1. Residue 66's amide H: which non-local residues (gap 5+, or another chain) put their own amide H closer than 5 Å, with H modeled 1.01 Å from N in plane and none for Pro or chain starts?
2. Can you order the peptides 120-126, 80-86 by their average number of other Cβ atoms within 10 Å per residue, highest first?
3. Extension gain residue 32-residue 79, at 0.36 nm per residue separation less the Cα-Cα distance, in nm?
4. Please compute the contact order of the chain in relative form: average sequence separation of alpha-carbon pairs under 8 Å and at least six residues apart, divided by the residue count, as a percent.
5. Sort 27-35, 49-57 by packing, meaning the average of other beta carbons within 10 Å per residue, with the highest value first.
6. Taking the Cα-to-Cβ direction at residue 49 and at residue 94 and moving 7 Å from each Cα, how far apart do the two end points lie in nm?
7. Within straight cross-link reach of residue 93, meaning Cα distance under 23 Å, which lysines are found once same-chain residues fewer than 8 apart are removed?
8. Place a point 7 Å from the Cα of residue 22 along the Cα-to-Cβ direction; which residues of the stretch 115-132 have their backbone N under 16 Å from it?
Amino acid sequence: MILVDTSVWIDYLNGVQSKHTDTLDAGIVEGTVVMGDLIFLEILQGIRDDREYRKTKQTLMMLDRFQLFGQGMPEKCAENYRTLRKKGITIRKTMDVIIATFCIERQIPLLFTDRDFIPFVEHLGLLSALPEA
């Protein structure tokens, strides 16, 4: 099972071909991709065309979905953010802290292109779906 960050989904939905989108495509075929509720939100809110919105929503709703920011997560997210800040690393988006912390807690690999996830891999044990990332 892998969780896929919004950055990879956007490339995938826009037809960008890369090792990340190829991994996502393979994961969809294999049935190993899961969706986070906040990622689902980010994807859908960025779609302007109504027809594309309906098509994308219908497709994404077929994936197993997880609630990323449930019970106990605010404290864990704050701890992870503070741990990185003490190392001189500032994560730019709270959403990335939530996504990374969820994956760390559940030991679910994350497929990402956003560089803000790298400190979570290097310092907090986030599993990258592409280990060379």
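1. HN-HN under 5 Å from residue 66: 35, 36, 37.
2. Numbers: 120-126: 16.9, 80-86: 14.9.
Going by the mean number of other Cβ atoms within 10 Å, highest first, we get 120-126, 80-86.
3. Values: separation 47, 0.36 × 47 = 16.92 nm, distance 2.90 nm.
In short, 14.0 nm is gained.
4. Computed over the chain, the figure is 30 percent.
5. Numbers: 27-35: 15.1, 49-57: 11.8.
Peptide ranking by packing, descending: 27-35, 49-57.
6. Taking the two extended label points, one gets 3.3 nm.
7. Correct list for residue 93: 76.
8. Residues 129-132 fall inside that zone.
Where a number appears in this text, it was derived from the coordinates with a stated rule and is not lab data. For clarity, every value in this text was computed on a predicted model and none was experimentally measured. Neighbour counts run over all protein chains shown; Cβ positions are idealised from the backbone, glycine included.
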